Structure formats: structure tokens, C-alpha cells
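J.: This is the structure I want to talk about, given as C-alpha cells.
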Amino acid sequence: MSEPSSSSTFRNLLLRSSARIAESLATIPYTPHQSSNVSVKAFLEPLLQTTDSSTIDTSIKDFTLACALLSSSTFDSSPLLSWIPIHLSSLATSSFFELSHAYLDEFDERNSQRLAALGLNRDLVPPEKRLMLELMPLVLPFLKERIKESSIDKCDETDEFSAASARAPVGFAILAAFQFRWFVTQVDDPHLGKLCGLVIPCALTAVDHWSPAVKGQGMISLRHIGKNVHATELGGYVDVILDACCQNTASDDEIWHHVVEASVVLVTLTQRGNPRSPWFERMLNEMLSHLERQPRNKERRIAWLKYIDSLFNGVGLMLLAHFRRIFPLFFQWMHADDSDTIILVLKCTYIILRLTWIRNSPYVARLVDELALVYKEAALRTAWEEIRENICQILILLQESKGLHFNAAWDKHRSDPDLVTLGLSLSGRNSSNLDTVPSEDCRQQGSVPVQN
């Protein structure tokens, strides 16, 4: 970025803004986190030391990087950033946007040219985002290298965590990952798709890092990318991105939910309309294998059940091939200690039945038995009403789709005094249909699951 000629007005605003944040930062008590090998406060201070002798480009870049890190504390509870108070984070955010407007007053034509080089129309970009977008070609490669400094070289079998950390403290990579996430999440559709060549290499470097903290920020960034670009804009990165998601399925508990959400968003974006995609197959198998190893891990199962519905919808009828792995987990989770798991697994069960009509599966009878038991167990739970509503919805769908097969499975429960109310809900429906695809009326009635 060539050095522009700045007026004293803009430079004075930059100096004042830097000084104001630096003064506020100096008053904040800070003790480096015991697990950290860097001082975040000492990292920030030089970025805010703008002087008259500093080049304007360097000063703007450093100031923006400081604001990015301080602003990051508002959306992440990491111990590295938890000491930053809300007022300081808000000051950094407002100061950056104030500087952005002042920058356009001074360098509007230059900014327009820079955005045009990125394929962006300045008239379609909010004014407060234009400076940040201009900085991205300068900042993102820098952050990528900062993350890479403490990465493990997979081509070198002798390279390990300790060796990577010796080259550069991992704390710097974590801070760079936070800064990168802030930049990426400031941009949305339709602008982010034009920047895939800049943001994706950095995101992949982050998710490939050995530190869970760095991986987590990378996954959050990939999720944001997946929600704000079109599949065609990812170009040749699709397979690399999906492979990175699969490789990280067995990640630490603290970032599992980020991995699952990003993976589902990206695979459904890129493989939409192709239910037989090997990526759907691989990703679902990777996740199920991990869940089978830790079926009692509450946080992991809740995260998976919360985000997996889009993948189910993408796979559609092909879910039949996974019933032998899905239903044993579902039957176990239906009796979990927490109501959140039960409600989520019931909703997922409904989605699977709606997509597959469970065809000629041997799981119908077992499913009816389990649902009857969960219905009775719900009497002891505070969320009993929602649990029972979901069970009733599933059984109605089974009754409509399986007919005589459902009747045979339900017969053993008809005389159960604890299921009288449920039985009344089912008895008034026409259940004489055979095991065929339900009518259009049944499809419409069974297409919307019970809402929270």
C-alpha cells in the first residue's frame, strides 16, 4: 500500500484515538493468564504508540490491529481476552469506525481504487467498512504468517509442539487468530465472496494449527465464510476446506461445537443437490465414529444434535444407509439425564422420519417402544410437555407412513394406563393405510416439526 499524503486533521485524529485507547488500557489491571506465554497488554501497547515520525500506512495498520484485538473480547470469553472491559472494547470499535469515516474524507479516491482492485464496488460497501476492506490485502497475509510461525511442519516428522512453540510463542498465533476472525466477520455477503483468495488461505492455516484456541477461531471464520459466500465463489478450495473439517472432527471439547457447525454449513453449501456426495458420507461417518466413542459426552452430543439437521436434509433418503449407527445413539440419548438432549434427539428423529419415511426399516418397533417409555419418563421432567408434544408428533408421522406396521408395534402399548392420553391422540386418526408412501395431505401435515 503506497504512502498517501495525509492532512494534519486526519493524522491528529489518529494520534488522539491511539492515545485515548492507550490511556484507557494503561488503567486496566492485568495479570497474564497462567497458561499464556505472552502478555496481551504488552502486545497491544506498541500498536498504539503512533508518533509524528510513523508512516501513515503503518500507523493505520497498527491501530486497526489493536482495535481488532480489543473488539474481539466482546464475542469471545477466552482467558486471554477476558480482562478487557466492555468500555475499552467499545471504545476501540467506535474509534476505528470514526477513523474509517475520516479516512474517506481524506483518501476517498484512493480507497475506491483499492476496492475496485479487489472486485468491490465502493457504492455498495458501507462507509465504515471501506478502510477495513482496503487493509485486508496487507493485514491478512501478515496474520497468516504470524499463525504459521508456531505451526507444526507436517512434512517434518521430527517437528513437534515444543519445537513449534520454541520458534515463536503460541500466544502470538492465538492473538493473530482473534484478529483474523475479527476482520473476516466484519464482512458479509455479497462482498466476502470476492475476497475468498485472501481469507481462505489464512483460515486454513488457522484450522491446521495444533492449538485448539487457534483452530477454534479458524473454524468460526470458516463458518462465517460458509454463511456469506456462494458455493461457486469458493472455487478450487472446496475439497481442501471439507477435508480440513473432516480432519478436525476429533478436536478438543472446547471447540467441538465450532467444528460441527462450520462443517455442516460448508458441506451443505457446497454439496447441495448431491445427496450421494462422498463428502456427505465421509463427514457423517467421521462424526458418528467420534460420537460412538463418547456417547455420554453431553456437550458433544448437544452440539451435534443442534447443528446436524441441515446435513440430514442434504443427505435425504441416503440416511437409510446410516440407520444402523444413528438409531442406537438416538435410543441411548432419548433416556439422557438432561431434557435438552431428549428434546433435540426427538426433533432430529422427526426430521429423519420425514426425510426417509423410515421405509422397511427394522427400527420401527424398537422406536415405538422407546418413545412410549420416554413419554412415561417425561412425567418426572420439567420439560415434560415439550417432550410429549414431540413424541406425539413422531408417532403420528409413523402412523401415517407405516400403517399396519405401526399398528402392530403400538398394540402392546394400547392398554398401558400411563399412555391413555397419547393413545387418544392416535386413535382418532386413520391408521388403516398400508406401508406405502403417504398421501400428499399426510406429507404436508408431517412436514413441520414441533417448534420450541
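J.: Which one of these does Arg443 not meet: (1) at pLDDT 95 or above; (2) within 35 Å of the chain's Cα centre (by Cα)?
T.: Single failed check for Arg443: (1).
J.: Anything in region 372-389 that is open to solvent by 70 Å² or more (accessible area, probe 1.4 Å) and under 15 Å from Phe331 (Cβ atoms)? List them, or say none.
T.: Passing the criteria: only Leu373.
J.: Also: Kindly indicate which of Leu305, Leu269, Leu353 is assigned to a helix (DSSP H, G or I), closer than 26 Å to Leu234 by Cα and in contact (Cβ under 8 Å) with a residue 12 or more places away in the chain.
T.: Residue meeting the stated conditions: Leu269.
J.: Moving on. Filter region 331-371 down to residues that are open to solvent by less than 10 Å² (accessible area, probe 1.4 Å), under 17 Å from Asp309 (Cα atoms) and among the β-branched types (Val, Ile, Thr) and give me whichever is modelled with the lowest pLDDT.
T.: Checked region 331-371; the qualifying residue modelled with the lowest pLDDT is Ile358.
J.: Could you grab me the full set of residues in region 419-436 that are modelled with pLDDT of 65 or more and of a type in the set (A, V, I, L, M, F, W, C)?
T.: Answer for region 419-436, where residues must be modelled with pLDDT of 65 or more and of a type in the set (A, V, I, L, M, F, W, C): Leu419, Val420, Leu422, Leu424, Leu426.
J.: For region 59-89, name all the residues that are part of a helix (DSSP H, G or I) and either in contact with a strand residue (DSSP E or B) (Cβ under 6 Å, 6 or more places away or on another chain) or open to solvent by 10 Å² or more (accessible area, probe 1.4 Å) (or both).
T.: Once the filter is applied, which keeps residues that are part of a helix (DSSP H, G or I) and either in contact with a strand residue (DSSP E or B) (Cβ under 6 Å, 6 or more places away or on another chain) or open to solvent by 10 Å² or more (accessible area, probe 1.4 Å) (or both), region 59-89 yields Lys61, Asp62, Ile86, His87.
J.: Can you pull out the residues in region 105-124 that are assigned to a helix (DSSP H, G or I), open to solvent by less than 20 Å² (accessible area, probe 1.4 Å) and not polar (S, T, N, Q)?
T.: Phe107, Leu115, listed by residue number.
J.: Assess whether Val214 counts as being closer than 22 Å to Ala176 by Cβ and part of a helix (DSSP H, G or I).
T.: Yes, satisfied.
J.: Next question. So, Ser100, is that one more than 17 Å from Leu13 (Cα to Cα), at pLDDT 95 or above, surrounded by 13 or more Cβ atoms within 10 Å (Cβ to Cβ) and under 29 Å from the mean Cα position of the chain (by Cα) or not?
T.: no
J.: Sticking with this structure for a sec: Hey, among the residues in region 44-58 that are in contact with a helix residue (DSSP H, G or I) (Cβ under 6 Å, 6 or more places away or on another chain) and part of a helix (DSSP H, G or I), which one's least open to solvent (accessible area, probe 1.4 Å)?
T.: Leu44
J.: Can you name the residue in region 229-266 that is part of a loop (DSSP other than H, G, I, E, B) and of a type in the set (A, V, I, L, M, F, W, C) and is also nearest to Arg301 (Cα to Cα) among such residues?
T.: This residue is Ala250.
J.: Residue under question is Asp76, and the condition is that it be touching a Lys or Arg at 6+ places or on another chain (Cβ under 9 Å), among the charged types (D, E, K, R) and farther than 23 Å from Ala168 by Cβ; does it hold?
T.: In short, no.
J.: Ok, one more. Considering (1) open to solvent by less than 50 Å² (accessible area, probe 1.4 Å); (2) of a type in the set (S, T, N, Q); (3) in contact (Cβ under 8 Å) with a residue 60 or more places away in the chain, say which one Asn37 fails and leave the rest.
T.: Among (1) open to solvent by less than 50 Å² (accessible area, probe 1.4 Å); (2) of a type in the set (S, T, N, Q); (3) in contact (Cβ under 8 Å) with a residue 60 or more places away in the chain, the lone unmet condition for Asn37 is (1).
J.: Something else now. Go through region 152-176 and give me each residue that's open to solvent by 20 Å² or more (accessible area, probe 1.4 Å), of a type outside the set (Val, Ile, Thr) and modelled with pLDDT of 65 or more.
T.: Asp153, Arg167, Pro169, Phe172
J.: Could we say that Ala92 is small (Gly, Ala, Ser), open to solvent by 30 Å² or more (accessible area, probe 1.4 Å), modelled with pLDDT of 95 or more and over 18 Å from Asn12 (Cβ atoms) here?
T.: Judged against the criteria, Ala92 is not a match.
The values are calculated or read from the model by the stated rules, or taken from the named source; none is laboratory data. Just so it is clear, the model here is predicted, and its values are computed rather than measured. Methodologically, a virtual Cβ is constructed for each residue, glycine included, from the backbone with ideal geometry; neighbour enumeration extends over all protein chains shown. For the accessible areas, the whole protein counts, side chains as well, though only heavy atoms, and no ligand, DNA or RNA atoms are used. Shrake-Rupley method; radii C 1.70, N 1.55, O 1.52, S 1.80 Å.
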